[in-house]
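Report on the following structure.
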Amino acid sequence: MKKWKNLLAGLVVLALLLAGCSSVGQTADGSHAAGNEQTADGSYAAGNEQATGVSQATDGEQAAGSGQAADGSQPEVGGQPIGEAEGSGRLNVHYLDVGQGNAALLESEGHYMLIDGGNRKASSFVVSYLKRQNVESLDYILISHFDEDHLAGAIGALYQFPAGKVITADYETDSSIYKSYQDAMEKQGYEETHPSQGDVFSLGSASVRVISPISYGHEDENEDSVGVIVENGDNRFFFGGDMGKTGEKQVMESGADIAADVFLLNHHGSYLSSRFLEQISPSYAVISCGDGNSYGHPRQDTIKLLEDDGIPVFRTDKQGTIILHSDGKTISWEQEPCNDYTPGTRTASGDKEEPYVEENNSDAEHCDYVLNTHTKKIHLPSCSSLKGMKEDNKAYYKGSKDELIDNGYEACGNCKP
Ligand SMILES: [Zn+2]
Ligand SMILES: [Zn+2]
């Protein structure tokens, strides 16, 4: 299936290369121009501008609008435009380089959706990026959960762009960034929409299907992440926020169809089970994380799963903003995958928002210790107190006890690990 898709994509690119020179008004960056010039009401300005030759002359603006990273560097542009599809329309997906965090802009037929907004530092970048894309309003702002690296940048968008619906996880928190968010919601007069699995929102020719969470109220708010699969014709794109082990498990148990062509890794390339990856069975993976982030994202065992499966990988920390175009049949990218399977290096000692040890990817049979992530106790796998422990609080850990103690864990007094 993957090979077939790649071959087809190759043929399409080849056909476009051959056709590119002779087609009237379409330059190598024609697809770009169409994307950029498309207005929020769905009308196309590109045709007129191309006829007058104006848009071809605005390469500078185009480059600035389409791929500039937060640090101002330009990404490589290796993609090719795709032709107008018959039947289904186009969907453009921008995985924004917001450093350590997530933010994606989706556009289909003049309809826009922002999925997460990145961290505080990325906020003005996200707003200016959307403006350069000629976004005037957003059909949806989806905030997967209220951690700062997803929420902060979305607050600017709440103030700057009228939004049709603000879709969020159904919980409240007491962080200062959440208070700012509440202020923004109140000032703009928005009500939150809390989706359930199976809900579908339409976005131009695409549809957005909710896959998670199965339930709210997890101890770890990451597990409450609203996850969606965006479908455009035959192409599917997975966005799972910071879903972790519990979320994965619940989604798999729900029996939802989570197959997708492009998998934005959950939680910046943190926990991933091979079973979950198998069910998604992606042709491409995208990792959104900060260069040299202190959390050690992407994790070694996670990135190894991708490498072992030979899944091409794009990374915002290595490549800046990543852009793709779907015509409902094929997906074309504006750059080549970096296929950099180097894991991150964890340098933070104990971080409250995203503690590393709680995400250890080990399982019951192969772990050295069983952790209670709630009480921060380290247990031997044979400890009798494990029987009463809530599944949600349980984490299987392979590695050194010292590292756990560095992260605020204590040995259980019963089993004395
Ligand atoms: Zn999170
Ligand atoms: Zn996050």
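Bear in mind that the values in this text are calculations on the coordinates, not laboratory data. Everything numeric in this text was worked out from a predicted model, so none of it was measured. Please note: Cβ atoms are built from the backbone with ideal geometry, for glycine as well, and neighbour counts cover all protein chains shown.
Sorted by average packing, counted as other Cβ atoms within 10 angstrom per residue and highest first, what order do 409-417, 163-171, 260-268 take?
Answer by packing, highest mean first, reads 260-268, 163-171, 409-417.
Take the eigenvalues of the Cα gyration tensor for the stretch 281-340, scale each by 5, and report the square roots as semi-axes in whole Å, largest first. Can you show the working numbers first?
On the way: eigenvalues 91, 44, 13 Å².
In descending order, the three semi-axes are 21, 15, 8 Å.
Quick one: Karplus J couplings for the stretch 116-128, per residue in order, coefficients 6.51, -1.76, 1.60, θ = phi - 60°, nearest Hz, x for Gly and Pro?
6, x, x, 8, 3, 4, 8, 4, 6, 4, 4, 4, 5
Amide H to amide H, which residues 5 or more places from R90 or on other chains are under 5 Å from it, using H placed in the peptide plane?
The list, which skips near neighbours in sequence, is E109.
Within the stretch 163-189, name every residue whose backbone N is under 17 Å away from a label modeled 7 Å from Cα of S137 along the Cβ vector.
Flagged as within label range: 163-167, 188-189.
Quick one: dipole size for the stretch 362-411, taken about the Cα centre, charges +1 on Lys/Arg Cβ and -1 on Asp/Glu Cβ, in debye to the nearest 20.
With Lys and Arg at +1 and Asp and Glu at -1, about 220 debye.
Ranked from highest to lowest mean number of other Cβ atoms within 10 Å per residue, what is the order of the peptides 197-203, 94-100?
Listed from highest to lowest mean packing, they are 94-100, 197-203.
Placing +1 at every Lys and Arg Cβ and -1 at every Asp and Glu Cβ, with all other atoms neutral, what dipole size does the stretch 146-278 have around its Cα centre, in debye to the nearest 20?
Numbers: 8 positive and 24 negative charges, 82 e Å.
For the stretch 146-278, the charge dipole is close to 400 debye.
Which cross-chain or sequence-distant (5 or more) residues have an amide H under 5 Å from the amide H of R236, H modelled 1.01 Å from N in plane?
Result for R236 returns D261, V262.
Pull up the cross-link candidates among the lysines for K179, meaning alpha carbon to alpha carbon under 16 Å and not fewer than 8 places away within one chain.
K187
Counting pairwise Cα distances across the stretch 101-221, what percent come out greater than 16 angstrom?
Everything past 16 Å amounts to 58 percent.
Quick query: amide H of T193 versus all other amide H atoms, modeled in the peptide plane; which residues come in under 5 Å with a sequence gap of 5 or more or a different chain?
V166, I167, T168
Given the peptides 175-184, 333-342, 214-223, 147-156, arrange them by the average over their residues of other C-beta atoms within 10 Å, most packed first.
Packing proxy ranking, top to bottom: 147-156, 214-223, 333-342, 175-184.
Determine the alpha carbon to alpha carbon distance for each of K390/K416; K165/K390; K121/K329 and list only those over 29 Å.
From K390/K416; K165/K390; K121/K329, over 29 Å: K165/K390; K121/K329.
With the cut-off at 13 Å, report for the stretch 362-411 the share of all Cα pairs above it, as a whole percent.
50 percent
Starting from the Cα of D340, step 7 Å along the direction of its Cβ; do the same at K390; then give the gap between the two resulting points in nm.
Taking the simple label geometry, D340 and K390 are separated by 4.0 nm.
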